[in-house]
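Remarks on the structure that follows.
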Amino acid sequence: MPQTPELHRGLDPQDWSATRELGHRMLDEMIDWLATSRDRPVWRQMPQNLRAELRETLPQGPQDLEAIYEDFRRMILPFSSANEHPRMMGWVNGGGSAAGLLAELLTGIFNVNCGGRDHAAIEVERLVIAWAAEMVGMPTATTGVLLTGSSMANMVAVLVARRAALGAEVRTHGLQGAPLTAYASAAAHGCIPRALDMAGIGSDALRQIPADAQHRMRTDLLRAAIAEDRAAGRLPFLVVGTAGTVDTGAIDDLATVATIARDATIWFHVDGAFGATAAFSPRLRPLLKGIEHADSLAFDFHKWAQVPYDAGCVLVRDPKLHIETFAQSLAYLTQEARGLAGNPPWPRDLGPDLSREFRALKIWMTLKTYGSEGIARVVESGCDIAQYLAQRIEREPTLELLAPVALNIVCFRVRTGAADLDALNRELVADLQEAGIAAPSTTTIDGKLAIRAALFNHRTVPADADALVDGVLQLARRRCETS
Ligand SMILES: Cc1ncc(COP(=O)(O)O)c(C=O)c1O
């Protein structure tokens, strides 16, 4: 007789009421945290002793959930990257939202795997993909998939474009020496060459087309580069237009880039990581003219649309080509005519992931809660505050603006007070962050180190822009006095 194994009770608590009580407390405290973000310094570095304390060995026995939560409150929460803070102005970071926080909680209930199958989460994902296509004016048949972010979305687009150029065989035989070439602005994001690298094409295949004084791709040079490569026997296969460059927010002339790509019969992809979100705004949408012609578009809901991380998205105009780039026949993943294994195509047929979280829920809840008009107001406000900040900088004799302000990014620097201005401005950014005043980042514009303020947070108001400038001026004076 086989022995009956000892009854294992699983991981559910014996006393749900304690879990319920703790859950309610956590939610109350997290809502308080969000509601008071402005009252805290924008960033606090995690102290060394807490880093050391956190690094315990793999827990063997069970620990009390309430005590773990206390550890979270003490060691993790206060030392975050502070994206929720109104004076977080560095890189390209969205602020999240109350609706997003609650959506993340609901996502945890399902523990759903969105690789495929016939269930409601897949329908929600298809719906938000349809909303995204509607936002930018792409056809209703457009397919898409949610991904970690635009780095992956651009990568997926490169793979579909590669499949379009070389046919189905590229999936089994590889490039076989095909001399593919791709084109993007010199101001394009670093994930574009990296996508070519990861797709086996190599980053050297990217022609980085110089930008004009507005930091937009020079379309005359794009046309010439394609012609030159063709004449040399190479195979131009992909043109990437950028809608909102990472450094300055410049938007390429997408209508002209679309025409050049169409005339040359080349895949037209748009990296609209954050800039595509401007399509929500009737006021700003004209800046993106031409985006609706894209063969594919990469963008993120987690940036300007304020959906919590991560929520990237790729759209592809040709559904057949999209599916043919990723679909794979596997016995253990057969798609059936009925039952839970029905409902093709599955997200796994549209991208590289099989196990996937339910990203669509937080996008669905955010867009329903605030509406496209609510997101449009966030985007317009970011652009208006950027203009306000630029005007303030131009009034300050010791500051200079380093690039035109196309959307919501302002690059500037202190222009006096040190022999090495790059070093001074780099130190000032760290000073601002460490003082908890504001958290801009840095970049290089025309060889000069810039303080880069990117206004993505929906909580930011004009007074935050003033606090940034006041902080820069005050810290610069202090540095000059002590040097
Ligand atoms: C223009 C642009 N493209 C691509 C990316 C990469 O996006 P992600 O960080 O979501 O991978 C960024 C990130 O800021 C970006 O600004």
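Taking region 278-327, which residues are open to solvent by 30 Å² or more (accessible area, probe 1.4 Å) and touching a strand residue (DSSP E or B) at 6+ places or on another chain (Cβ under 6 Å)?
Scanning region 278-327 gives 287, 295, 319.
Please report, ordered by residue number, the helices (runs of 4 or more DSSP H) entirely within region 36-118 with at least 2 residues that are in contact with a helix residue (DSSP H, G or I) (Cβ under 8 Å, 6 or more places away or on another chain), modelled with pLDDT of 95 or more and among the small types (Gly, Ala, Ser).
98-110
Out of 238, 221, I need the residue that is more than 22 Å from residue 149 (Cα to Cα), modelled with pLDDT of 95 or more and of a type outside the set (Gly, Ala, Ser). Which one?
One residue alone meets the criteria, 221.
Do any residues in region 240-259 that are of a type in the set (D, E, K, R) have Cβ atoms under 6 Å from those of residues that are open to solvent by 10 Å² or more (accessible area, probe 1.4 Å) and outside any loop (DSSP other than H, G, I, E, B), where the two are at least six apart or on different chains, and which pairs are they?
Within 6 Å, the pairs are 247/443; 253/219.
Being of a type outside the set (Gly, Ala, Ser), more than 24 Å from the chain's Cα centre (by Cα) and more than 28 Å from residue 302 (Cα to Cα) is the requirement here; does residue 426 meet it?
no
In region 100-128, which residue that is under 19 Å from the mean Cα position of the chain (by Cα) and open to solvent by 10 Å² or more (accessible area, probe 1.4 Å) is nearest to the ligand (Cβ to nearest atom)?
In this case the residue turns out to be 104.
If a residue must be touching a Pro at 6+ places or on another chain (Cβ under 7 Å) and more than 9 Å from the ligand (Cβ to nearest atom), how many such residues does region 292-312 contain?
Narrowing region 292-312 to residues touching a Pro at 6+ places or on another chain (Cβ under 7 Å): 302.
With more than 9 Å from the ligand (Cβ to nearest atom) added as a condition, the list becomes none.
So the count comes out to 0.
Starting from residues that are open to solvent by 50 Å² or more (accessible area, probe 1.4 Å) and within 15 Å of the ligand (Cβ to nearest atom), keep the ones in region 163-189 and report whichever is nearest to residue 153 (Cα to Cα).
Within region 163-189, the match that is nearest to residue 153 (Cα to Cα) is 189.
Within region 194-207, can you find the residues that are on the phi < 0 side of the Ramachandran plot and either away from the ligand (no atom under 13 Å from the Cβ) or open to solvent by 30 Å² or more (accessible area, probe 1.4 Å) (or both)? So that I can check it myself, show each step before the final result.
The first filter runs over region 194-207 and keeps only residues on the phi < 0 side of the Ramachandran plot, leaving 194-199, 201, 203-207.
Within region 194-207, 194, 196, 197, 198, 199, 201, 203, 204, 205, 206, 207 qualify.
List every residue pair whose Cβ atoms sit under 6 Å apart, with the two residues 6 or more apart in sequence or on different chains, where the first one lies in region 76-97 and is within 27 Å of residue 49 (Cβ to Cβ) and the second, anywhere, is within 14 Å of the ligand (Cβ to nearest atom) and not in a strand (DSSP E or B).
83/93
Going residue by residue through region 381-390, is there one that turns out to be surrounded by 22 or more Cβ atoms within 10 Å (Cβ to Cβ), over 22 Å from the mean Cα position of the chain (by Cα) and either in a loop (DSSP other than H, G, I, E, B) or not basic (Lys, Arg) (or both)?
Yes, region 381-390 has at least one match.
Against the definition (at pLDDT 95 or above and either open to solvent by less than 10 Å² (accessible area, probe 1.4 Å) or not in a helix (DSSP H, G or I) (or both)), how does residue 256 come out, yes or no?
no
The values are calculated or read from the model by the stated rules, or taken from the named source; none is laboratory data. Predicted model, so just to flag it, every value in this text is computed and none were measured. Every residue, glycine among them, receives a Cβ derived from its backbone with ideal geometry; neighbour counts consider all protein chains shown. Accessible surface areas use protein heavy atoms only, side chains included; no ligands, DNA or RNA. Shrake-Rupley method; radii C 1.70, N 1.55, O 1.52, S 1.80 Å.
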